[in-house]
Amino acid sequence: MTAPLATAPAAARSTVSEKPSLIGLSREGIGAELERIGVERKQIRMRTAQLWNWMYARGVTDFADMLNVSKDMRSTLESAFTLKRPEIVAEQVSEDGTRKWLMRFPARGAGRPVEIETVYIPEIGRGTLCVSSQVGCTLTCSFCHTGTQKLVRNLTAEEIVGQILVARDRLGDFPDATTPVGAAVPSEGRLVSNIVMMGMGEPLYNFDNVKEALLIASDGEGLSLSKRRITLSTSGVVPMIPRAGEEIGSMLAISLHAVRDDLRDLLVPLNKKYPIKELLDACRNYPGLSNARRITFEYVMLKDVNDSPADARELVRLLKGIPAKINLIPFNPWPGVNYQCSDWETIETFSDIVNRAGYASPIRTPRGRDILAACGQLKSESERMRARERLALEAMMAGDADE
Ligand code: SF4
């Protein structure tokens, strides 16, 4: 059953809080903020460690709850900073347990408040959070719903980390108040165990903020997500791939979707700039690549477009020498799109060919179809609803004027 748990009225114009947030800052960044408000230099390391534990290991949102911090310091922090979460505009729970949040972030500069989606997918033994990096996207992949939404802006590190914090809040995935103050929180057995940067946007076009956020997510004294459980997915921004490996060190996923340049030019237009050969060369040289740290290639199955046995054989040939896993994704159609999902038999035949060549080729089970879980769909729905509300309001006002 689809259960919308929380909805908020259409956007009141929210703006960035007067007080700066400490969320999304590195330890050095927090230290600099503490120094700015006059915390003694010799205390800064200790205070930063306390804050880090409360913010990220415990998920506390109120300085008043930081019990090992003196009362005076708590009120100083309270008057200078905020730990506010993003606003949840809508939360939906699919019959298969998939959860989807539409979150709103305040206006920045001259901009407007923006909305993005975050999806949580529970599986046996793990739970994956699909995190957005941009509002909309500059790339126009023809099968992707987000590709129909213009880029509005990059998300900040605070907004990227905020999505993880909201998910842990809503899932009850932070330790409760009985956990002793300052105690380490085990990273095993958490509901959010994996992160994929595979929501709205191209993460490598927002490199600095994504890097900052993922370094916070993987910090062992905070959110504690192992880098092996964080996957950065790119449509193929070749020049940034080595930096992602060296500076972030997460797992890498490539949205491949086609094995010929003429077809990939249509499906993933960025291919015109960075064709398949260049992309795969960058993958071969990805820092830390090994059989234990394979690259995932995402391949959406589009009926009669990219799903023939010849395509599967070409895929095997192209990936030769790259420790890889191929995720076959049954296409999840959205209103107005011209593609269809491949038949199940076709997908299985494709998978068998790839599998016989020695590559794992799981077929991703479609999740959350009842809540439009393909990325970008909830945001569009919300925008359509707002347009309907606006029209209704205009009609009402016109009626008033007639009377
Ligand atoms: S698939 Fe990714 S890169 Fe392509 S349009 Fe969609 S969000 Fe952007």
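Some observations on this one:
- Scope the range 124-142; condition over 20 Å from LEU232 (Cβ atoms) and away from the ligand (no atom under 11 Å from the Cβ); matching residues: ILE124, GLY125
- Of all the listed residues (SER142, SER133), the sole one being in contact with a Gly (Cβ under 7 Å, 6 or more places away or on another chain) and small (Gly, Ala, Ser) is SER133.
For every residue, the table says whether it meets (1) within 14 Å of the ligand (Cβ to nearest atom); (2) more than 21 Å from the chain's Cα centre (by Cα).
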{"residue": "MET240", "(1), (2)": "yes, no"}
{"residue": "GLU247", "(1), (2)": "no, no"}
{"residue": "SER250", "(1), (2)": "no, no"}
{"residue": "LEU256", "(1), (2)": "yes, no"}
{"residue": "ASP261", "(1), (2)": "no, yes"}
{"residue": "ASN271", "(1), (2)": "yes, yes"}
{"residue": "PRO275", "(1), (2)": "no, yes"}
{"residue": "ASP281", "(1), (2)": "no, yes"}
{"residue": "ARG284", "(1), (2)": "no, yes"}
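- Consider the range 143-174 and keep the residues that are of a type in the set (Asp, Glu) and over 23 Å from GLY97 (Cβ atoms). The one that is nearest to the ligand (Cβ to nearest atom) is GLU159.
- Restricted to the range 92-128, and to residues there that are surrounded by 18 or more Cβ atoms within 10 Å (Cβ to Cβ) and of a type in the set (D, E, K, R), the residue that is nearest to MET200 (Cα to Cα) is GLU117.
- Exactly one residue among ASP169, ASP208 is among the charged types (D, E, K, R), closer than 20 Å to ILE116 by Cα and free of Cβ contacts under 8 Å to residues at least 60 places away in the same chain, and that residue is ASP208.
- Any strands (runs of 3 or more DSSP E) falling wholly within the range 92-201 and containing at least 1 residues that are closer than 24 Å to GLU221 by Cβ and aromatic (Phe, Trp, Tyr): 114-123
- Tally, over the range 175-212, of residues that are hydroxyl-bearing (Ser, Thr, Tyr) and within 16 Å of the ligand (Cβ to nearest atom): 1
- The lone exception for ALA57 - which of (1) of a type in the set (Gly, Ala, Ser); (2) buried (at least 19 other Cβ atoms within 10 Å of the Cβ); (3) in the same structural domain as GLU159 (by TED's automatic domain parsing) it fails: (3)
- Residue in the range 213-230 that is within 16 Å of the ligand (Cβ to nearest atom) and either closer than 19 Å to GLU117 by Cα or in the same structural domain as LEU102 (by TED's automatic domain parsing) (or both) present: no
The values are calculated or read from the model by the stated rules, or taken from the named source; none is laboratory data. Every value quoted in this text rests on a predicted model; they were computed, and no experiment measured them. As a convention, Cβ positions derive from the backbone with ideal geometry for all residues, glycine included, and neighbour counts pool all protein chains shown.
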